[in-house]
Amino acid sequence: MKKKYFITFIFISVIVLIMIVISYLYISYIQKLTDENTLKNLGELTKQDAVKIKNQIIQHKKILENIVNQVEKQDKITEKEIFNLYNENIANQEFSRLGIMYENGKTITSDNKEIDLSEDIDKFFNEDTLQISKSRKSKIDEEEINIYSKKTRINGKNIVILLVLETEKYEEIFAESIYNGKGYEYIINSSGEIIANSAKRENGYNLFNIIQTLKDNYNSKKLEEMKKQIKEYKNGQVKFNVSNKYYYTSYNYLNVNDWFLVILTPGSIVSQEYNRVLKITFVTSIIINIVILITAIYIIFSNKKKKEKLYKLAYIDNLTGLGNNNYFIERGTELLETQNTRCYLIIIDFDKFKAFNKKYGREEGDLLLKAFSQKLKNVFGENQIITRLTNDIFSILIKEDSKNINKKKAQIVISEKSTENKFREIEDVLENICNELSNITIDKIEYKILISMGIYEIKGSEKDIYETIDKALLAHSMAKGNYNKKFYIFNEDLENKMIKEHDIESIMEEGIQNKEFKIFYQPKFNSKTEKIEGAEALVRWERNEKLIPPNEFIPIFEKNKFIIKLDKYIFEEVCKDIKEWKYKYNRKIKISVNISKEHLLEKNFLEDYCKIANKYELKPNDLEIEITESAAIDENFDIIEILNKMKNLGFSIAIDDFGTGYSSLNMLQNMPIDVIKIDKSFINQSKMLETIMIIVRKMNLQTVAEGVETLEQVLRLRDLGVDLLQGYYFSKPVDKLSFEKYFKN
Ligand code: C2E
Ligand code: CA
Ligand code: CA
């Protein structure tokens, strides 16, 4: 279970991770694309502006060339004439002024100023070609200016003609508003010195130094790249990176001096579009992730629910909420596999649950099962493996480590006492448990129920749950239907007994077919005349030349109901014999046959017996039926009705083993019986015999004493007025042939 959740968890994590990686790659891709596009566009823009500036400078140069040309054409020319030339040429007022500089530095300007530029003599006089100066402060009006200069001669003197341009004029050419005024445009020279800038700041600072302040390895490298390219007069674009902010930079050579046009723009402006795409991507990926997560959780949850449902179907008993058969097998196997110490397996069921259902109704039966389940939990504790196997059969698997089971009510203490002590202790505990479980309260009404319990002590080495169930069931089957002992603990003897039972069961049918069941007759004598007056038919099983006594197979046959078949068989054999004797010796003798209690539960058995008697030309009156006293007082059937029917059909009825069943006088008085057979256990108890005789005489019944073994007993019974005597003193039960001697004599 846990492993499955782990796998699912890993699966979801992997998917989410993949989504994150994809998102990251996508974002990186978009970033790269944006970078490329931005740099390309910026490069384009720079190129355009560079062309504009270049054209402008060419224009300026042409104006100066023109003036110089005209000056050189004249042999003699005055300063005023030169200024006139200038004024004519500069119709558009582009320039601030024209200056004429002499070799001593004295300079006269078109706006009638005279200044001293002696410190710049070298700069202006050493070059023959047209020069454009860096930005500098005007000595006249403090404005920032650039000076176009060209050396020439007038009136035999060397002069330099200076054309003064406000640096601002370049800045006016810069894209009116680069990226909404948030970008920067510079003209710099190859060492980074700023010639002109769009931000209307003072020039002369070094752009490279400014960039250098974006301290970072990456940026330094990029800057070096840019510097190198600029040194080589190459155009290019570069992206600087400052803590999540970008600066896109593009540079373009102006073909003037070592001047470059540089446009620098913060990434935030460019990346608005990119950010939007990014945001959409981010949100989408989050939504997708959430959807995946929710779907996965839903799937897991519904799977879990489904599993729980299936689990309930497969393992839980609907009615009681306890585990079912499957649950027991699974948990039991688990426990045996992991536990190396002793456990106890208990199997419990109700005696006569069917009868309870019939009497109180099915619903009440269900309530009983529920209440009983709760009681099991109370008695054994919730953490034992308590299950309902089927119908009214419950099983409890008790772990050894649960040292005691509900101290107050019942407990199984596993101690190191001697086995006998331990055994007795456990017996006591089980007795308590039985009593506790036998009183069930449903809706405040208390029910007394009988339960049967089989216990098996599982040793640590046992691993097969089925085998342990078999053994507990075996012990349980011993308790089943036994009114005296409600629980059995499995032991080897029980098992052997069971095996024997099984052996007997496997050959019983064969026994009837092979006529292995033989009838022995034990005669009954008149206590006064000492003459034979009847006999009891007693079954023997003759198998492989050995006689099996009835107490070894009759209890088994009573349990499995085979006794019904056997009794009927015996009855028919007896009828056969009586008929035979009738013809052979012309004598009829009353034979009593035993019938089991199980028989009385059968419908129509009396009709069958009548038919059999008729078949052998006998009247029911020729036969006596022995019913034990305990059967006569069983509440499971209406004995009076059966006895009346029997009586009406003409059978003679004897109550066998009288005195052992504790029947009340009242009960006996209502029964249409003929004979009382006093149980052999009272043969020496004179007081008891006297009491019995008082009752019997009142009811006017015939009496038979069984188990008569001595003359003394014979005499006493005769004096007490017992009618018939049966016992070893006269004869043991004998086979048919031996019995026939009584007819001959
Ligand atoms: P039961 O009906 O009480 O039979 C009397 C038992 O007492 C017989 O045992 C008999 O052999 C024994 N017995 C007779 N005289 C003496 C005596 O002087 N001393 C002692 N100690 N015992 C004496 P058996 O034949 O072993 O039968 C045992 C029981 O098996 C019977 O008890 C009866 O309940 C049952 N049984 C026998 N045959 C049948 C049968 O055909 N059908 C049914 N349903 N039960 C039978
Ligand atoms: Ca009997
Ligand atoms: Ca008897």
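Considering Lys528, Lys518, Lys546, Lys524, the condition of being among the basic types (Lys, Arg) and either buried (at least 20 other Cβ atoms within 10 Å of the Cβ) or within 16 Å of ligand 3 (Cβ to nearest atom) (or both) is satisfied by Lys524 alone. Exactly one residue out of Lys459, Lys500, Lys444 is open to solvent by 70 Å² or more (accessible area, probe 1.4 Å), within 30 Å of Gln374 (Cβ to Cβ) and basic (Lys, Arg), and it is Lys444.
Candidates are the residues of the stretch 587-600 that are more than 8 Å from ligand 1 (Cβ to nearest atom) and modelled with pLDDT of 90 or more; the one that is farthest from Ile625 (Cα to Cα) is Lys590. Please verify whether Ser686 is open to solvent by 40 Å² or more (accessible area, probe 1.4 Å) and either within 16 Å of ligand 1 (Cβ to nearest atom) or more than 60 Å from the chain's Cα centre (by Cα) (or both), treating the condition exactly as stated. It is true that Ser686 is open to solvent by 40 Å² or more (accessible area, probe 1.4 Å) and either within 16 Å of ligand 1 (Cβ to nearest atom) or more than 60 Å from the chain's Cα centre (by Cα) (or both).
Of the numbered criteria (1) farther than 29 Å from Asn621 by Cβ; (2) within 13 Å of ligand 2 (Cβ to nearest atom); (3) hydrophobic (A, V, I, L, M, F, W, C), the one Ala537 fails is (1). A Cβ distance below 8 Å, combined with a sequence gap of six or more or placement on separate chains, defines the contacts here; from the stretch 507-521, residues that are over 16 Å from Asn560 (Cα atoms) reach residues that are modelled with pLDDT of 95 or more and among the hydroxyl-bearing types (Ser, Thr, Tyr) in the pairs Phe517/Tyr569.
Would you check which residues across the stretch 706-725 are surrounded by fewer than 16 Cβ atoms within 10 Å (Cβ to Cβ) and within 15 Å of ligand 3 (Cβ to nearest atom) and list them? It would help to see each step written out before you state the result.
Looking only at the stretch 706-725, we keep the residues that are surrounded by fewer than 16 Cβ atoms within 10 Å (Cβ to Cβ), and these are 709-712, 715, 719, 721.
Of everything in the stretch 706-725, just one residue is surrounded by fewer than 16 Cβ atoms within 10 Å (Cβ to Cβ) and within 15 Å of ligand 3 (Cβ to nearest atom), namely Glu709.
If you take the residues in the stretch 646-666 that are over 60 Å from the mean Cα position of the chain (by Cα) and either over 18 Å from Ile625 (Cβ atoms) or of a type in the set (Phe, Trp, Tyr) (or both), which one is farthest from ligand 1 (Cβ to nearest atom)? Show your work before the answer.
Initially, the stretch 646-666 is screened for residues over 60 Å from the mean Cα position of the chain (by Cα), giving 646-659, 664-666.
Subset that is either over 18 Å from Ile625 (Cβ atoms) or of a type in the set (Phe, Trp, Tyr) (or both): 651, 658-659, 664-666.
Working: Phe651: 15, Phe658: 10, Gly659: 12, Ser664: 22, Leu665: 22, Asn666: 25 Å.
So the residue we want is Asn666.
Taking the criterion of being under 22 Å from Val708 (Cβ atoms) and touching a Lys or Arg at 6+ places or on another chain (Cβ under 6 Å), would at least one residue in the stretch 589-606 satisfy it?
Step one: list which residues in the stretch 589-606 are under 22 Å from Val708 (Cβ atoms), which gives 589-594.
From the residues that got through so far, the ones that are touching a Lys or Arg at 6+ places or on another chain (Cβ under 6 Å) too are none.
Looking through the stretch 589-606, none of the residues is under 22 Å from Val708 (Cβ atoms) and touching a Lys or Arg at 6+ places or on another chain (Cβ under 6 Å).
Tell me which residues, restricted to the stretch 234-261, are part of a loop (DSSP other than H, G, I, E, B) and over 58 Å from the mean Cα position of the chain (by Cα). Of everything in the stretch 234-261, those that are part of a loop (DSSP other than H, G, I, E, B) and over 58 Å from the mean Cα position of the chain (by Cα) turn out to be Lys234, Asn235, Leu254, Asn255, Val256, Asn257, Asp258, Trp259.
The rows are residues; the columns are (1) assigned by TED's automatic domain parsing to the domain that holds Ile20; (2) in a loop (DSSP other than H, G, I, E, B); (3) in contact (Cβ under 8 Å) with a residue 60 or more places away in the chain.
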site	(1), (2), (3)
Phe282	yes, no, yes
Ser285	yes, no, yes
Val291	yes, no, no
Ile294	yes, no, no
Ile297	yes, no, no
Phe301	yes, no, no
Lys309	yes, no, no
Ile329	no, no, yes
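Applying the condition of being touching a residue at least 24 places away in the same chain (Cβ under 8 Å) and closer than 27 Å to Lys306 by Cβ to the stretch 2-43 and asking which residue is most open to solvent (accessible area, probe 1.4 Å) yields Phe11. With the condition kept exactly as written, say whether any residue in the stretch 557-578 is over 24 Å from Leu737 (Cβ atoms) and not in a helix (DSSP H, G or I). Looking for residues that are over 24 Å from Leu737 (Cβ atoms) and not in a helix (DSSP H, G or I), one finds at least one in the stretch 557-578, hence yes.
The values are calculated or read from the model by the stated rules, or taken from the named source; none is laboratory data. These figures come from a predicted structure and were not determined experimentally. Counting neighbours? That spans all protein chains shown, and the Cβs are built from the backbone with ideal geometry, glycine included. Ligands, DNA and RNA are excluded from the accessible area calculation, which covers all protein heavy atoms including side chains. Shrake-Rupley method; radii C 1.70, N 1.55, O 1.52, S 1.80 Å.
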